[in-house]
Structure formats: structure tokens, C-alpha cells
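Peer 1: This is the structure I have questions about; it appears just below.
The values are calculated or read from the model by the stated rules, or taken from the named source; none is laboratory data. What you see is a predicted model, and the numbers here were worked out from it, not measured in a lab. Using ideal geometry, Cβ is built from the backbone for each residue, glycine included, and neighbour counts are taken over all protein chains shown.
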Amino acid sequence: MRSVPFTPEMRKEYTILIPNMLPIHWNFVVRIFSFYGYNVEFIDSTDRAIIDEGLRSVHNDTCYPALLVIGQYLYALRCGKYDPHKVAMLYFQTGGGCRASNYICLMRKALDRAGFDYVPILSINFSGWKNEGGGFKITLPMLPRAMSALAYGDLLMLLRNQTAPYEIHKGDSDKLVEKWTEYLCEEFNHGRQLYGSSIKKTMDKIAAEFEAIERDTKPRVKVGIVGEIYIKYSALGNNNLERFLASEDCEVMVPGLLDFMLYCVQGGIEAYDLYGGEKMPLYVRRIARRYLEGVKSKIISAASAHGFTPPSSFTHLTKLVDGIISRGCDMGEGWLLTAEMAELYELGYENIICVQPFGCLPNHIVGKGMIRKLREKYPRSNIVPIDYDPGATAVNQENRIKLMLAVAREHLAQMQSPLSSQSRTDASGQTDNADACVGSDR
């Protein structure tokens, strides 16, 4: 593949663009890169023109996330906000068998055909692919900041999602997210809040402030979101799914990014156990897993200490798929997606939306393909797969979700009523058939 070098001189003048995905986490990422002298922005537009750009620029058999990411970059180059001669594109890759690992080749081809053959494409990846020119490097001092940003981002997302639906004064949760993002980014600049006990203390303070937000006690339908990583997190990819669920008065749980990082690390460990290989990479992966699990344990501790529903440990996640799917299944989101559905059910989020982008074959197997087995194990699970592609309308997607929510509200009403799960006998000894019908599952 032809590459355009990104030189140290470009670093001073160029704006580096990253695709919209996780707003809380990406705000940390942007500030960390800024500290090291890079001007990074994430593309936050959800304009329909992005999809149209993608359709014009890549083959229509390409997976939907690739179409959206490439469409975002081309939209940014053409919208007039940036000078195309002073812009570079940055993408994050896992290096696995998923087509996401080939996005850069597709992007290069699309940019060349659109007349932007001079725009550099940069990558952060686990596969050893190097950026040409020497102007963009991930250095060791960046790593503690990046890992801490992921952890704090996961915690803020978790606490915000469990607080916002219940807050008396709307916007309190978002204000706290902004406050702590600003504070932590400033602390990162001074090398603080990056290690051990300081992370634990700060996470405890964050959770305590969210706990102090004034909230009502009205029960809400709890909905979990799983699926292909980009569509799961990106408002552009899932047609503002979280905003729609908020409008339906639901509490949303979205598994954090740390689990995906752990899953990527664990994939190498599982591959060694199954197929053998060199011991040094295995040793490094085991160290990384211990570090990431330690960080996640601090999230679990802070959330549970202040009355929030904490995520499960990664060790527990690996056990949830026993008897359902092999942990050797690690294409795309692999066994992790199945484990996340089981985890959500255990945590009380029995209503689950599995987002399914067009062209993501692994996701259809480990997501939609595992629903029957999950329902056998968890009979009350209320799982709906929702397809996302360029031709799918938000109205059709939302109507399917509304049907799932109707069942969810029935279940919630049954849980709130002590007599809902059984027929009641009226004063004359007759069975109240109406109530019996309400108490039955669809």
C-alpha cells in the first residue's frame, strides 16, 4: 500500500482527525495528544452526508463501520472547516482478522480516488504497522496517561448512565462529567492521578459526587447495549441510540472499553494455550492483563461503595461463556460480545439491544447467533438484534426497539406488583382472568 509520510514538521502545523465514537474517552485522548504537541480533533458530526460520502467512496459490500469511518474523513475534508493540505487521519486498529484491520487500505484508496492523495493516514495498532515519516509516535510516557484515561472514561460513562435518568435537576450528571474531565486532564499534564492509590482515591471521590446528585426513586426499564465496537459506542453508527432510550425514560448500561482491551490481550494468551508460540509475547500480555484488571478493580470498588451497579471482573466475564461459546472464538468482538450479554443479564439489565452492522460477519455469529443459547440459560432475557446499514431507517429500528421495551415494561410492572406472577382469586372465589393474562409472558 502506498503511504504518505507524516514528518516532524507536519506535527507542528497539521490537524489530526479521529472518528466519532466515545465522546467522554475521546476528550481525554485529545487532551493527552495536545500535551505531547499534537493538534487532534474528533469528528462529532452525525450528518446524513457522511453516509452518502461513504457510499460514494467504498464498495457497498464493505462493512457499515468502515463505510461510516471513511465517510467521516471525506466529509471533514470537504466541509470547509479544515484545510485538506494541513490535515492527517488517525485510526485505531486491533490487528485481528476483522475487516477493521484493513480500514487503512480502504481509506487510502478512497482518499486517492477523491483527489486527496497527499493526506497522511496514521495508525495506532497492535500489529506492528509503522507510521512513515517519524512525525507521529506513541511513546512510553503516553501509555500511563492513555490507560488512566480509558479507566476514568469508563467510570464516568458508567456513573453518568446510572445517574442521568433519575436526576431531579437535568444536566447535573453531564456537568460532573465535564468538571472531572477538565480536572483530570490538568492532573495528567502534571503527571498526577496515573498510578495505584491516587487512582483509587480519585475514583472514590468521583463516585461520591455522583452519589450526591439529587435523584428520584421511580423505577426505570434497564437496557443494555452490546455489539460491534464502533456501532455500539458511536452515535453516528447507532442513530443516537442512547439518546433515543433516554427519551423512552430508560436507564442504559454500555460495557466499558477496558473489557475490550482486556479481551484483545487475552486473545494472545488463549492463542498460546491453544496453538503454542513464543513465550516472551505471552509474558508481556500476562503483565498487561494484570495491570488492566487492577485498574478495573478500582472502578468496581468505587462504583459498588457508592450504591452504583459495578461491572463484573474480567475473570468472571471469561467464565460466563463456559458451555455457550469457545474463548478461541476471537474474530471481531468474539466471545466477549456473548459474555457481555450474559453479564448484563446478571447485573439486572435483562433487556438487551445487540447492534448488528451490515457486513460484520463475526458479530452476527457471536451476537445474533448466540441469542437462542442465552435465552435457554436466561429465560427472562429480552434480547433484540437491530440491524444497521445505509438503507436502514431510524424509524424502523426504533419501532423494533419499542416492541422490546413494551415487553420490558410488562416485566417491570410484574416485578413491582407482588401479585402479578400468579392469578388472584376475587371475593367470590373466581379467578381474575385479566390479571392472569397480564402475568403471562408473551
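Peer 1: Got at least one residue in region 4-16 being closer than 17 Å to Leu150 by Cβ and outside the structural domain of Asp154 (by TED's automatic domain parsing)?
Peer 2: Looking for residues that are closer than 17 Å to Leu150 by Cβ and outside the structural domain of Asp154 (by TED's automatic domain parsing), one finds none in region 4-16, hence no.
Peer 1: Separate question: Filter region 57-79 down to the residues that are surrounded by fewer than 16 Cβ atoms within 10 Å (Cβ to Cβ) and at pLDDT 90 or above and list them by number.
Peer 2: Scanning region 57-79 gives Arg78, Cys79.
Peer 1: Right, next: Suppose we filter region 344-369 for residues that are buried (at least 23 other Cβ atoms within 10 Å of the Cβ) and assigned to a helix (DSSP H, G or I); how many remain?
Peer 2: 3
Peer 1: Give just the number: which of (1) crowded, with 20+ Cβ neighbours inside 10 Å; (2) in a helix (DSSP H, G or I) does Asn238 not satisfy?
Peer 2: Condition not satisfied by Asn238: (2).
Peer 1: Pull up region 383-442, narrow it to residues that are among the charged types (D, E, K, R) and at pLDDT 50 or above, then point me to the one that is farthest from Gln356 (Cα to Cα).
Peer 2: Among residues in region 383-442 that are among the charged types (D, E, K, R) and at pLDDT 50 or above, the one farthest from Gln356 (Cα to Cα) is Glu410.
Peer 1: Does Leu245 fit the bill of being under 13 Å from the mean Cα position of the chain (by Cα), buried (at least 21 other Cβ atoms within 10 Å of the Cβ) and not basic (Lys, Arg)?
Peer 2: So Leu245 does not fit the description; no.
Peer 1: Turning to a different aspect of this structure: For residues that are at pLDDT below 95 and either part of a helix (DSSP H, G or I) or of a type in the set (Ser, Thr, Tyr) (or both), scanning just region 207-231, find the one that is farthest from the chain's Cα centre (by Cα).
Peer 2: Among those residues, the one meeting the criterion is Thr217.
Peer 1: Which members of region 71-90 meet the condition of being more than 19 Å from the chain's Cα centre (by Cα) and part of a helix (DSSP H, G or I)?
Peer 2: Gly71, Tyr73, Leu74, Tyr75, Ala76, Leu77, Arg78, Pro84, His85, Lys86
Peer 1: Could you look through region 377-397, keep only residues that are in a loop (DSSP other than H, G, I, E, B) and in contact with a Leu (Cβ under 8 Å, 6 or more places away or on another chain), and pick out the one that is nearest to Cys63 (Cα to Cα)?
Peer 2: Restricting to residues being in a loop (DSSP other than H, G, I, E, B) and in contact with a Leu (Cβ under 8 Å, 6 or more places away or on another chain), the top hit is Pro390.
Peer 1: Looking only at region 182-200, filter to residues that are more than 16 Å from Val29 (Cα to Cα) and in a helix (DSSP H, G or I); which one of those is modelled with the lowest pLDDT?
Peer 2: Of everything passing the filter in region 182-200, Gly196 is modelled with the lowest pLDDT.
Peer 1: I want to confirm something. Restricting to region 168-210 and keeping residues that are hydroxyl-bearing (Ser, Thr, Tyr) and within 23 Å of Glu293 (Cα to Cα), which single residue is surrounded by the fewest Cβ atoms within 10 Å (Cβ to Cβ)?
Peer 2: Ser197
Peer 1: For Tyr73, are the conditions met, namely being in contact with a strand residue (DSSP E or B) (Cβ under 9 Å, 6 or more places away or on another chain), closer than 15 Å to Ile229 by Cβ and not assigned by TED's automatic domain parsing to the domain that holds Met147?
Peer 2: Criteria not met by Tyr73.
Peer 1: Something else about it: Looking only at region 248-259, filter to residues that are of a type in the set (D, E, K, R) and in a loop (DSSP other than H, G, I, E, B); which one of those is surrounded by the most Cβ atoms within 10 Å (Cβ to Cβ)?
Peer 2: Looking at the filtered set, the residue picked out is Glu248.
Peer 1: Exactly one of these conditions fails for Gly334: (1) closer than 24 Å to Lys368 by Cβ; (2) small (Gly, Ala, Ser); (3) buried (at least 17 other Cβ atoms within 10 Å of the Cβ); (4) over 18 Å from the mean Cα position of the chain (by Cα). Give me its number.
Peer 2: (4)
Peer 1: If you take the residues in region 211-235 that are over 27 Å from Ser297 (Cβ atoms) and hydrophobic (A, V, I, L, M, F, W, C), which one is surrounded by the most Cβ atoms within 10 Å (Cβ to Cβ)?
Peer 2: Once the filter is applied, the top-ranked residue is Ile231.
Peer 1: Also, I was wondering about something else. Give the residues of region 339-391 that are touching a residue at least 40 places away in the same chain (Cβ under 8 Å), within 17 Å of Lys232 (Cα to Cα) and out of contact with any helix residue (DSSP H, G or I) (no Cβ under 9 Å at 6 or more places or on another chain), sorted by residue number.
Peer 2: Residue satisfying the conditions is Leu344 alone.
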